[in-house]
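**Q** Let me begin by handing over the structure; questions about it come next.
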Amino acid sequence: MLLNSICSRIFSSTQVIRQGILYSIVAHIIFLVLTFVFINWLQLMGYLYSMLAGYLILIFLFYRLFKIKLDQIDFAAVLKYGFKQLVINTLIALPVFMILKNLTGINYIILLFSAAFIQVLVIGAINRKQLQFSRIKGLLYGSSNK
């Protein structure tokens with residue numbers, strides 16, 4: 001869904017509103033049809049598969065639209081970066097999920113919060129050199145003083 005949000009903001013900021021609205025209508029029709037088909041075919045899991053299939057289709061539509069209307073944006077580089085982030089998050093999330101599932105059983109709320117917390121810690125540890133804690137502290141203290 002992040003892709004949808006980012007592209008909607010890009011359409012607004014580049015003042016390609018008409019194409020953005022047309023994209024939104026087409027996207028919602030695609031999701032509606034896929035959701036109807038997949039839920040009737042696979043029941044509850046069909047919703048997940050309809051979302052995955054819908055976004056895979058939309059990636060190609062975005063790519064085409066960006067090539068035509070917004071050629072100054074390198075959408076292929078955006079997709080490459082997004083795919084890299086997806087792989088990194090999956091490599092972290094899967095082992096955490098499996099370990100916590102064995103520890104907590106099937107309490108998905110505890111599992112979800114624990115896995116998210118551990119994943120944020122791991123990503124933070126990996127990117128600790130890029131974090132600027134002094135600037136964050138300055139922002140926090142500066143806003144509390146006002």
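None of the figures in this text is laboratory data; all of them are computed from the coordinates on show. Because the structure is predicted, anything quoted here is derived from the model rather than measured. No Cβ is skipped: glycine too gets one built from the backbone with ideal geometry, and neighbour counts run over all protein chains shown.
**Q** For 49, 81, which order do you get if you count the other beta carbons within 10 Å of each Cβ and list the fewest first?
**A** Ranked by crowding around the Cβ, least crowded first: 81, 49.
**Q** Moving to a separate point now. Tell me, what does the Kirkwood hydrodynamic radius of region 1-73 come to in angstroms if you use every pair of distinct C-alpha atoms?
**A** 12.9
**Q** Assuming R0 = 30 Å, what is the FRET efficiency of residue 101 and residue 8, from their Cβ-Cβ distance, to the nearest 0.05?
**A** The formula returns an efficiency of 0.30 here.
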